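The values are calculated or read from the model by the stated rules, or taken from the named source; none is laboratory data. This is a predicted model, so every value here is computed, not measured. Ideal geometry is used to build each Cβ from the backbone, glycine not excepted, and the neighbour counts take in all protein chains shown. Surface areas here come from the heavy atoms of the whole protein model, side chains and all, with no ligands, DNA or RNA. Shrake-Rupley method; radii C 1.70, N 1.55, O 1.52, S 1.80 Å.
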Amino acid sequence: MPLFPEVVSAETRKKDSNFTHGDHRTQQSLARKQLIAQQRKSLPIAAVEKRLVDEVRKNDTLIIVGETGSGKTTQLPQFLFNAGYCADGKVIGITQPRRVAAVTVAKRVAEECNVNLGQKVGYSIRFEDETSSTTRIKYMTDGLLVREALLDPFLSRYSIIIVDEAHERTVHTDVLLGLLKNVQHARSQSMLKQQSFDRLNGKNPVISDKEVKNQGISGLKACQHAKCAPLKLVIMSASLDARGFSEYFGGAKAVHIQGRQYLVDILYTYHSEPDYLDATLITIFQIHLEGGPGDILAFLTGQEEIESVERLVHERARQLPEGSQKVLVVPIYSALPSEQQMNVFKPAPPGHRKVILATNIAETSLTIPGIKYVIDPGLVKARSYNHVTGMESLIIIPISKAQALQRSGRAGREGPGKCFRLYPESEFGKLIDSTVPEIKRCNLSNVVLQLKALGIDDIIGFDFMEKPSRMAIVKSLEQLSLLGALTDDYKLSDPVGLQMARLPLDPLYSKALIMASDFKCLEEMLIIVAMLSVESIFYFPREKLEEARASRKSFLSSEGDHITLLNVYRGATECLEKSKAANIKEKTVEKSLNKWCRENFINNRSLKHARDVHSQIKGHVQQMGLVISSCGDELVQFRRCLTASFFLNAALKEPDGSYRAIASSQNVQIHPSSVLFRTKPDCIIFNELVRTNQNYVRNLTRIDPLWLPELAPQYYEAQK
DNA sequence: GAGCACTGC
């Protein structure tokens, strides 16, 4: 029996790009069209089209609870388009928490509508905009829509905004929900004003400053003249409990759509397992020896666990009786280079069972075909943030009930499956219902800065679905003040605060760019900020650790990690320029860069990302009128600039070789990944403070302690 | 001597 997932498969995507003419092709494309029509008709949501459109018409805000496979993401926007919600050139916007989802869904819907991508149906994500003036159904990431609100506070081009996967509660989703609630209110107010004004046929309606403040929206005046029709909101969630969303939107109506998911048998252990890695290993082989065909997906918490279980599986597989089915172990986690990530999609060779060892990446981000068995130890590595110390930590915690459900669902995509929970059923009852929203677990500086830029001055009074603690907000306000982004009365400062809000970066990095303009090393800082904004540039595979280390030496700077990163970026640029000069095709240029990455143990995905960030940010700073100059070999100048920018993150060496972070008085160690791990200079500036097994600082540069009072007197003079 | 997962006009 076929299963039609909401997101198109890789095979479907391939067919998109291969579209050509010709008789055979025409026949194929006709068959494909029929298949699509058939698939659409058989989706659970197809039966309730009229009812859904009616509910949207009747309710300003509608909550849709849709299970996996209901087809809500691809179908609802088309229903609403057909119901006339794009009249007058208005757009239906659908937000997704992830880029790939926005792209693949948009491609699928364009195909279903039989249009080229970027025409009626398009998508917009960071670095990629596949939309045009004719786009009416627009898929995008939620973060992008928040950014868009900075330019158009009323989101005036949208008639409807659909927030998909709202149950994931990313920071962006939560900020967006608050923002949309404001915009919806403001737009219905503006409509009322407009209507009463039309009746009175007098002058322009006037809205007082007080009202602007009440609505917490800047630029309301700008919208007075343009007729802003009311904004419809649809919040889509996969969690079974819609109450939270409904309450937040003033008792909004919630409807439920059935999904299409095969039955998954849930099995629990009798007792708690003290060693979940060993339990995972035992279960893998129990399934392998006793279970029917089908691949196994085991959820582990990180790279280290995955690598160690991988070794253990290999060892034990050797002891399997002669002639029994073999095991193919495939690891997958975010930091793994993309070529190796792709291995999870390859089917196992004949006579093999595939065992996938994954982090949370396989919970929502990747859908791996062929999974029949899921092993779930019930744990996850999660980020938490201490607002008092500014310390981030990665801790292993129990998952939520919602996560357990999501994980087990991975076994029922293509047929009935089994999920082995490595804990007793009584433990399941003790799990929290859903994961704590990210907004309660992260540094809020960026959120606060963006809200300020949107004209919302009272952050503590802002109507978040779940309010972050007062302390968290106050700390962020303090940090932004220290960076000069806020005035004495906590308003956004001009130009520094405004410029910082415009840059899609951590506020600290935005400030560093502004500083670098004064220090005449903006060229270097652009590179550093881009490199610091991405994950793990260096790749250290366990089996080639020594080679990888030797390779990093060629980029190493004794001044620290920042200049080492600078050297890597320049090395890559040099490689690109060389192959460009050789006048070869663009594809070959890319290939030679990938080869360079492989040879130098650089993660090519991270480097590509850094290059994208670099070019985007460079565009922004140029627009802002900052001068991009280089300090050349005067790297002291650059290190002084790092000091002036990151003065809040300085640490001094203690007699025992550990460090004391000056601002928070915490005892920290240099992270072993730093090039200064052995050198241990007297005074350093760092970018990250992370607690794992110990308190670690990462991404550091050696500085002269005397630079601190000289370059950040506002902080270090007051400290004395 | 060590790196959950996402994301940004």
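For A:Ser42 and A:Ala582, compute 0.36 nm times the residue count separating them, minus their Cα-Cα distance, and round to one decimal in nm.
189.0 nm
What number comes out for the charge environment of A:Gln622, summing +1 per Lys or Arg and -1 per Asp or Glu over other residues with Cβ under 15 Å away?
Net charge around A:Gln622: +1.
Among the GluC sites (Glu not before Pro) within segment A:409-471, which fall in a DSSP loop and have no more than 13 other Cβ atoms within 10 Å of their own Cβ?
Passing both the DSSP loop test and the Cβ count: A:Glu466.
Which chymotrypsin sites (Phe, Trp or Tyr not before Pro) in segment A:83-186 pass both tests, a DSSP loop state and at most 15 other beta-carbon atoms within 10 Å?
Here the chymotrypsin sites (Phe, Trp or Tyr not before Pro) that fit, given the DSSP loop and packing criteria, are A:Phe127.
I need the phi-derived Karplus couplings for segment A:389-394: 6.51 cos²θ - 1.76 cosθ + 1.60, θ = phi - 60°, integer Hz, Gly and Pro marked x.
3J(HN,Hα) across segment A:389-394, in whole Hz: 8, x, 8, 8, 9, 10.
Along the positive direction of the dipole of chain A (beta-carbon charges: Lys, Arg +1; Asp, Glu -1; about the Cα centre), which of A:Ala47, A:Val568, A:Val171 reaches farthest?
A:Ala47
Just to be sure I follow: if Rg is taken over the C-alpha atoms of chain A and Rh is the Kirkwood radius over the same atoms, what is Rg/Rh?
0.97
Rounded to the nearest 20 debye, what is the charge dipole size of segment A:646-720 about its Cα centre when +1 sits on each Lys and Arg Cβ and -1 on each Asp and Glu Cβ?
Here segment A:646-720 has a charge dipole of around 240 debye.
So, R0 is 25 Å and r is the distance between the beta-carbons of A:Asp88 and A:Arg147; what FRET efficiency does that work out to, to 0.05?
The value I calculate is 0.55.
How much length, in nm to one decimal, is gained on full extension between A:Asp704 and A:Val474, taken as 0.36 nm per residue of separation minus their Cα-Cα distance?
79.7 nm
Counting only protein heavy atoms and using a 1.4 Å probe, what share of the accessible area of segment A:646-720 belongs to carbon plus sulfur, as a whole percent?
Whole-percent figure for carbon plus sulfur exposure: 46.
Solvent-accessible area per residue for chain A at a 1.4 Å probe radius, Å²?
48 Å²
With each pseudo-label sitting 7 Å past Cα toward Cβ, what's the A:Leu263-A:Leu35 distance in nm, one decimal?
3.0 nm
Which one of A:Ile399, A:Ala501, A:Gly302 has its Cα pushed farthest toward the positive end of the charge dipole of chain A, where Lys and Arg give +1 and Asp and Glu give -1 at the Cβ?
Of the candidates, A:Ala501 comes out farthest on the positive side.
I'd like the carbon and sulfur percentage of the solvent accessible area for segment A:54-162, probe radius 1.4 Å, heavy atoms only, ligands and nucleic acids excluded.
45 percent
What relative contact order, as a whole-number percentage, does chain A give when Cα pairs under 8 Å and 6 or more residues apart are counted?
Relative contact order for chain A comes out at 10 percent.
Using the Cα atoms of segment A:646-720, I'd like the radius of gyration and the largest Cα-Cα distance, Dmax, both in angstrom.
In order Rg, Dmax, the Cα atoms of segment A:646-720 give 11.8, 35 Å.
Given the options A:Ser674, A:Leu80, A:Ala31, identify the residue whose Cα lies farthest towards the positive end of the charge dipole of chain A (+1 on Cβ of Lys, Arg; -1 on Cβ of Asp, Glu).
Projecting each Cα onto the dipole axis, the largest value belongs to A:Ala31.
Can you tell me what share of the DSSP beta bridges in chain A is antiparallel? A percent to the nearest 5 is fine.
35 percent
Would you calculate the separation in nanometres between label points at A:Arg126 and A:Leu394, each defined as 7 Å from the Cα along the Cα-to-beta-carbon direction?
1.9 nm
Based on the Cβ-Cβ distance of A:Ile432 and A:Ser308, what FRET efficiency does E = 1/(1 + (r/R0)^6) give at R0 = 35 Å, to the nearest 0.05?
0.80
List the GluC sites (Glu not before Pro) within segment A:513-620 that fall in a DSSP loop (any state other than H, G, I, E or B) and whose Cβ has at most 11 other Cβ atoms within 10 Å.
Qualifying residues, ordered by number: A:Glu535.
Counting only helical runs of four or more DSSP H residues, what would the 222 nm mean residue ellipticity of chain A come to if each run contributes -39,500 (n - 2.57) and the total is spread over all its residues?
Helix-only estimate at 222 nm: -13500 deg cm²/dmol.
Nearest-5 percent of antiparallel DSSP beta bridges in segment A:264-436?
Approximately 25 percent, going by the DSSP bridge assignments.
In terms of modelled amide H atoms, which long-range or inter-chain residues lie less than 5 Å from the amide H of A:Ile662?
Amide H to amide H, under 5 Å and 5 or more residues apart or across chains, A:Ile662 pairs with A:Ala650, A:Ala651, A:Leu652.
Quick one: 3J(HN,Hα) in Hz for segment A:703-710, Karplus 6.51/-1.76/1.60 with θ = phi - 60°, rounded, Gly and Pro as x.
Per-residue couplings from phi come out as 10, 8, x, 5, 5, 4, x, 6 Hz.
Can you tell me the dipole magnitude for segment A:323-477 around its Cα centre, using point charges on the Cβ only (Lys, Arg +1; Asp, Glu -1), in Debye to the nearest 20?
With Lys and Arg at +1 and Asp and Glu at -1, about 560 debye.
Using the Cα centre as the reference, give the magnitude of the dipole from point charges on the C-beta atoms of segment A:390-446 (Lys, Arg: +1; Asp, Glu: -1; all else neutral), rounded to the nearest 20 debye.
In debye, rounded to 20, segment A:390-446 gives about 160.
Pop out the ³J(HN,Hα) list for segment A:406-416 in order, Karplus 6.51 cos²θ - 1.76 cosθ + 1.60 with θ = phi - 60°, rounded to Hz; leave Gly and Pro as x.
For segment A:406-416, the Karplus curve yields 4, 5, 5, x, 5, 8, x, 7, 10, x, x Hz.
On the accessible surface of segment A:264-436, probed at 1.4 Å, how many percent belong to carbon and sulfur atoms?
55 percent
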